[in-house]
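Novice: Just passing along the structure, written as structure tokens.
Throughout, read-outs are computed from the coordinates displayed, never taken from laboratory work. Predicted model, so just to flag it, every value in this text is computed and none were measured. Backbone-built Cβ (ideal geometry, glycine too); neighbour counts: all protein chains shown.
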Amino acid sequence: MSFNRSVLTAAAFAALAVGTTTALAAPASAAPNTTAQKVCGSAYKTVNSAPVGSLGTVYLTYNSSNGKNCVATIRTNPGTVLDMSAYVYIPDTDEYDEDFGQYTSYAGPVYAYGKSHCVTWGGSISNVYVQVTGSNCAALKEHRTTFTR
């Protein structure tokens, strides 16, 4: 009986050693783990985007079947929580939606009906902010602003 107990004890220590080694292993490098279509929905197609410095990208998507725009801000390297935001505004109808919080990967989705209307949209990651006004308005030239606080 003492032989069996010794074998079980050795097996338990081996399992503990493997578990400890796995727990202490360095995490793999983070990479983007989502897309605008995963965040907004598969029917939404990317129609515009703007970099948020080197931290990520804000995506403007559109669903032609329901006329809605969706905005999502997606980090280049997900990880620890950071302040992030995404917003969309339709000036002609005064429709607005926003999402602000502390996230590890993305902010949004936010939606607004924008068929045949100009769109103002943007987002932020940490202290880098992006705003695009007059977007997707045919002949009207959009205006982009990026700033840090």
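Novice: Considering only the other residues whose Cβ falls under 12 Å of the Cβ of SER65, what net charge follows from Lys and Arg at +1 and Asp and Glu at -1?
Specialist: Summing Lys/Arg as +1 and Asp/Glu as -1 gives +3.
Novice: Which net charge results when you count Lys and Arg as +1 and Asp and Glu as -1 among the other residues whose beta-carbon is under 14 Å from that of PRO51?
Specialist: Every neighbour counted, the sum reads +2.
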